[in-house]
Every structure is written in structure tokens, then in C-alpha cells.
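The values are calculated or read from the model by the stated rules, or taken from the named source; none is laboratory data. These figures come from a predicted structure and were not determined experimentally. No Cβ is skipped: glycine too gets one built from the backbone with ideal geometry, and neighbour counts run over all protein chains shown.
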There are 2 protein chains.
Amino acid sequence: MELSEDELIAAIRKLLAGEQPGVALWIGDDAAVVEAGTGQQILTTDMMIEGVHFERGSISARDLGAKAIVVNVSDMAAMAASPRYALVSIGLPRDVEASWVVELYGGMRAACDEYALSLVGGDTNRSEAVVLSVTVVGEVAPGRAVTRSGAQPGDLIVVTGSLGAAAGGLALSRAPRATATRALSQPWGRELLDALARPIARVGEAQTLAQVGVTSMIDLSDGLAKDLSRLCAESDVGARVDLGKVPVAGALRDGAVALGVDPVELAVGGGEDYELLATIDLTDLERARGELDERFGTSLTDVGVITEGRGLVAVGVDGRETPLRPLGWDHFA
Amino acid sequence: MELSEDELIAAIRKLLAGEQPGVALWIGDDAAVVEAGTGQQILTTDMMIEGVHFERGSISARDLGAKAIVVNVSDMAAMAASPRYALVSIGLPRDVEASWVVELYGGMRAACDEYALSLVGGDTNRSEAVVLSVTVVGEVAPGRAVTRSGAQPGDLIVVTGSLGAAAGGLALSRAPRATATRALSQPWGRELLDALARPIARVGEAQTLAQVGVTSMIDLSDGLAKDLSRLCAESDVGARVDLGKVPVAGALRDGAVALGVDPVELAVGGGEDYELLATIDLTDLERARGELDERFGTSLTDVGVITEGRGLVAVGVDGRETPLRPLGWDHFA
């Protein structure tokens, strides 16, 4: 198939356009917003496939189960919503041990407990590769969901935490065995693998940012460049990103030479950090930064500015401007 | 893996037991019932995997898309709920044409329109085999969901419509080419394949049955024997099924000799009919039957009775009793 993931989504979106009763927001954001009784609900779903999103040999069943929940919770966070319920559909090959399945569900349960949602049901199937499809239903006060489409020219672009550690973990897991073994004897090596296997969803941070008043938000699942380009497309704006300001994960800086990777490139292009990217008026920046630090100890870094027009520009440390290409993780690449 | 599907579900259920805030009903029924604002919501999910649930060569993309929606809508029906929103996660191999994907989503859209639900979002992925995971969110008046657990000894067991056509369609699709070609020149042959490819969810019928006052309900996705055994397990009762009363689909009767199958065996053991199985007090039977016929032209047949204890017994036309074995479709068999 010749379509990229974004092209496919655009085609599906066109095909499904039309009157959709009760739907406040649908395809094109991190999650859908629908009317439910007197309130609004947030719906999201995410699929993880063995051989595409993970290898059974390189992540424990427990971590995999937890991650399948957390990536959906992160989509809830991106809307400033509270996750409430999870449904899990699973496909299992014949060679999977019952104990592996028990660990997998143990990981899901632990993640549900941590983020205060209930795992309420699902579907079990035989399959060739392990397939995990999780749907999360969440709540938001009516009209309070933060979407991808509210960014205004002049808004600052901010990100929580630091970037690139998960991409560093992926590079490590694909490195020659000798390199990987040496890396795992170092704190940065274990930290990078942990970032990939045990992501954290920024639910509380997102709600705080929404209270302070961010104008748009998205979670960084596919990389800063790609996810920022999606946010800009929905907001019909452009962006300038100052590469020197991008908060590169410390462990990635420490391990970049050993792994032979460019840390800024991974921080901008790598996926699976599950940090938040938001846009905010300059006058709200300091308050947002203070609240996140005080309540969660989480940093907030301004990395650029929203511009008019549709171009995405990267400004290097030497001041040179290049197009910021959305080279992040494409599930169809 | 040595566990059957039901054993796996039992293990997962045990693992996930504990306090689940806002959950009225969870694993063990057709769908979960959760608190949502001032009302209740119904959540269900169902996965279809190429090579397990379907072959790409033997169902059109349009029918496949519609079926993926309808099987979830049928789970809504089984709870007497109204479907409102659908989410679709999909895995697509590289050899799938864009036109096939467009047809698939066209079928989903058509089914959503038919059952008055909105397709609000999803997730797209690369995979080895086509994987379709659909989640449907529905509504029900608080306390009005019909579960699997309310059957009482003495209740009659009723089914809507007729049974076995989908299993006949499956037998036809697996028959030698000469047999299949001859079958497809007959009305019954086309009818059997249609039953398999284009199931109908009994949403209106289910709500009518709930109004009349059925005591428990389930949709027949895995076959009368298997689904009745699940309903009986949740209600802690047994059942006697009169095989002579089981409403065998006419097309299956017509084609049984040509296909070399036992029609009653397929009607009792075959899956994917998506008819409703319910239990009802004798005094309500005639009214239920009259309402279904008048409003929908759908028949309602009493096929047996709920008993004390946990055994499931089949009574043959000769009066001989044998255990009713849950030999229906097990996704792990």
C-alpha cells in the first residue's frame, strides 16, 4: 500500500465525514470527544502488534501490559481528561505460556491501579502474533477538553520533561551485542531501556496545564517533529523550533557517543517519550512552569514559537534555518 | 498454551478482581456496564483477525467492515442497550490496496449509519495479517441492562429467528470446489454465505424483549450450546434443550444433504448467528412473541427450560437425553 499513515487517516476521515450525532470532536486529535448523558466523554484506542511495536524477547510481559494501558492514558492526558475505564482485546499465539498472559494482565492491572482506571472487559482471540488493542474511556468537564486545534501565531511551544530517551532505548536494543552489554553496565543504558519499556503518562501535568490555560496540546508518541506537524496542521499554523532549546534526556546525552547517535536528532525525531507538547501564551508561561514544578517536580521547556502560515522550521545552534521534517515514527514507514 | 478461551477468561477475571470504582458489571457478560455521569454506559470490544475469524479471499472488504461493527452492536443488543459510538483500531499488511481499505471503512460507515452509531476515531498500524479491533460505547437507562445472570429455574429458553445458517455458510466456504459451485447456483447456497458475511444485530428485538421482561439474555456468537452454557454458568442454573424445537434455518435444511452436514448439529453447535438467546417467564412468552412479530416480523421460539443444578441436557426427538456439550466456536480450539 502506497499511503503513509497520515495519508490513510486523511482518506478515512474524508470517507467518514458527515453528520455524526453527539460527536464534539473526532478523528484528527488524540482522542474523540462525545456527548454522554449530561457530560462529555473522551474515547481513545491504541493497538500494539508484536514485530511492529515490540518484540516479545525484549520487553517483559508485565512491562508490555502496563505500556499498553499507559499509551492510551497518555492520549487521555493530551486532552486534559481523566481516564476512567479500559477495555482490552487480545490476540495470543499458541506458543505463549499461561504464565506470560498472567504477567501481562498483572501489568495492565498495575497500570490501571496507578492511573485510577478500571479494567472492565475485553475479548480474547487466537492469533499468529501477539496483538493488544486497548480502549480507554475518560471524563472531562464539558467544553474543557484541550485539542490540537487551538494554537495561535505567537504562542510559545512548550514540552514537559525531557526527550529522546525512548528513542535512545530503541537504538540500544538494536545495537550490536557488545555495545548493548557495555551500555547496560552504565546507569544511562538502563535508564534508556527503562524509558522505552516503562513510559509515564502526564495526566496530572496535563490537567494543570489546562487549568493555567494552554491553547492546544498533544502527547509526544511519534516524535516532536511529527507530532508538532500534526498539531500545526489541525491549528492551521506553522512553527519555529529552536534546536538548542530542546530538552535532550540526560541519559541520551551520556550514551550518544557509545551508541553512535545524534542526541538532538533522536530528541526531535524519535517517538514514544509520551511527554506533553503544548502551546501557551507568553504571559502564562512562568505560572505554568511554577505549578508543574511545585506539584509534580516536572520541568516545562519552551522550545519555539507558533508562526503564521504552514511551514515548520528548525533553527540550529548556529542560527541556520532548515525545514523541520516530520521524520518521526510512522507505523507505515 | 493449554488454556481454553473460557479458562483464560476465568484466570484473567480472577486476576483483575477487586475494587473497581464505577463498575456495575464487568468481565463475564456480553459487555461491561459502567457509571457515566448521571447514567450508565455499556462498553464492549471485539477483535477480528485474518486467518482466524476470516480469510481475505472469502469476504469482501465492505462486508468485513460492516461485520466488524455488527458483531459489537450485537453485544450491545444482548444487554438491551443502544449503541452510540464506535472506535476502530486496525492493523494492515503491506499488500493491502488502498481501495480495499476504502471499501472496508465504507462498510463500517454503512453499518454505523444503519444502527445509528457514530464512528469517532481509532488507530492505524502496520501488521502481518489484517487485524480489526472495534469498541462500541452504548447507552442504557440505569439498572435496565439485561445480563446473563438473571435466569431462574422454570424460565423458558427462547431464541429469535433461526439458527445454523452462518455455520452452514462456513461449511459451504470450506467445501470442495465442485460442491461449492453447485451450492452457489441454489438460493440456499447464497443465503448461507450471506448469513456468514452479513449478520444482523437484533437491537430493536432486544429492547422489546427487555420491555416485556426477559430475565437474562446473551447473543449467539459462539453457538447455542456454548452461549447457553455461559449464560447458565453466570446464572448458576442448568438447562434442558429440546432439540426438536430448535429453529433450524431453512437454507441449512435445504442444503444439509448437499453439504453433508447435520442441520440440527450446526444449529446447536455452530456460531455467528447473532440471534438472541433469552430466558423468560412462561406468562410473558405470548406477549413477547406477539410484539416481536408485530414490530419486526421476527420469530421467537421456545427451545427448552432452565433447571436447577448446573447440568445442560439435550433432549432428542426420540426423547433420549444426552449432555448438551458446549462444542461451539472456541477461539482457542
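Worth pointing out:
- One residue alone among B:Ser118, B:Ser133, B:Ser89 is outside the structural domain of B:Asp273 (by TED's automatic domain parsing), free of Cβ contacts under 8 Å to residues at least 40 places away in the same chain and not β-branched (Val, Ile, Thr), and that residue is B:Ser118.
Yes/no matrix, rows are residues, columns are (1) modelled with pLDDT of 95 or more; (2) out of contact with any helix residue (DSSP H, G or I) (no Cβ under 8 Å at 6 or more places or on another chain); (3) surrounded by 24 or more Cβ atoms within 10 Å (Cβ to Cβ):
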site	(1), (2), (3)
B:Ile200	yes, no, no
B:Gly204	yes, no, no
B:Asp219	yes, no, yes
B:Arg230	no, no, no
B:Glu234	no, yes, no
B:Arg240	yes, yes, no
B:Gly244	yes, yes, no
B:Pro247	yes, no, no
B:Ala251	yes, no, yes
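- Leading residue by the ranking (modelled with the highest pLDDT) among those in the range B:57-97 that are crowded, with 24+ Cβ neighbours inside 10 Å and of a type in the set (Ser, Thr, Tyr): B:Ser74
- Among the residues of the range A:135-151, the one identified as hydroxyl-bearing (Ser, Thr, Tyr) and within 11 Å of chain B (Cβ to nearest Cβ) is A:Thr135.
- Residues (crowded, with 22+ Cβ neighbours inside 10 Å, facing chain B (nearest Cβ under 8 Å) and of a type in the set (Val, Ile, Thr)) located in the range A:31-45: A:Val34, A:Thr44, A:Thr45
- Number of the condition not met by B:Ser99 [criteria: (1) within 23 Å of A:Gly22 (Cβ to Cβ); (2) within 11 Å of chain A (Cβ to nearest Cβ); (3) among the hydroxyl-bearing types (Ser, Thr, Tyr)]: (1)
- Count of residues meeting criterion [part of a loop (DSSP other than H, G, I, E, B), more than 8 Å from chain A (Cβ to nearest Cβ) and out of contact with any Asp or Glu (no Cβ under 7 Å at 6 or more places or on another chain)] in the range B:5-30: 3
- Under the condition of being modelled with pLDDT of 95 or more, assigned to a loop (DSSP other than H, G, I, E, B) and under 20 Å from B:Asp227 (Cβ atoms), the residues counted in the range B:273-314 number 5.
- Restricted to the range B:46-60, and to residues there that are farther than 29 Å from A:Glu114 by Cβ, under 18 Å from the mean Cα position of the chain (by Cα) and not β-branched (Val, Ile, Thr), the residue that is farthest from the other protein chains (Cβ to nearest Cβ) is B:Phe54.
- So B:Leu132, is it of a type in the set (A, V, I, L, M, F, W, C), facing chain A (nearest Cβ under 10 Å) and over 18 Å from B:Ile90 (Cα atoms): no
- For the range A:61-117, residues that are among the aliphatic types (A, V, I, L, M), touching a Gly at 6+ places or on another chain (Cβ under 6 Å) and within 30 Å of A:Ala278 (Cα to Cα) total 6.
- Near pairs, Cβ below 6 angstrom, 6+ apart or cross-chain, from the range B:182-194 (assigned by TED's automatic domain parsing to the domain that holds B:Val248) to any residue that is part of a helix (DSSP H, G or I) and of a type in the set (D, E, K, R): B:Trp188/B:Asp254
- B:Gly154 more than 8 Å from chain A (Cβ to nearest Cβ), crowded, with 19+ Cβ neighbours inside 10 Å, farther than 27 Å from B:Gly39 by Cα and at pLDDT 95 or above: no
- Filter pass, B:Ala178 being more than 8 Å from chain A (Cβ to nearest Cβ) and in a helix (DSSP H, G or I): yes
- Test: residue in the range A:104-124 that is touching a His at 6+ places or on another chain (Cβ under 8 Å), modelled with pLDDT under 95 and within 7 Å of chain B (Cβ to nearest Cβ): yes
- All of A:Val268, A:Val261 fail the test of being over 18 Å from A:Arg310 (Cα atoms) and either assigned to a helix (DSSP H, G or I) or in contact with a Cys (Cβ under 9 Å, 6 or more places away or on another chain) (or both), apart from A:Val268.
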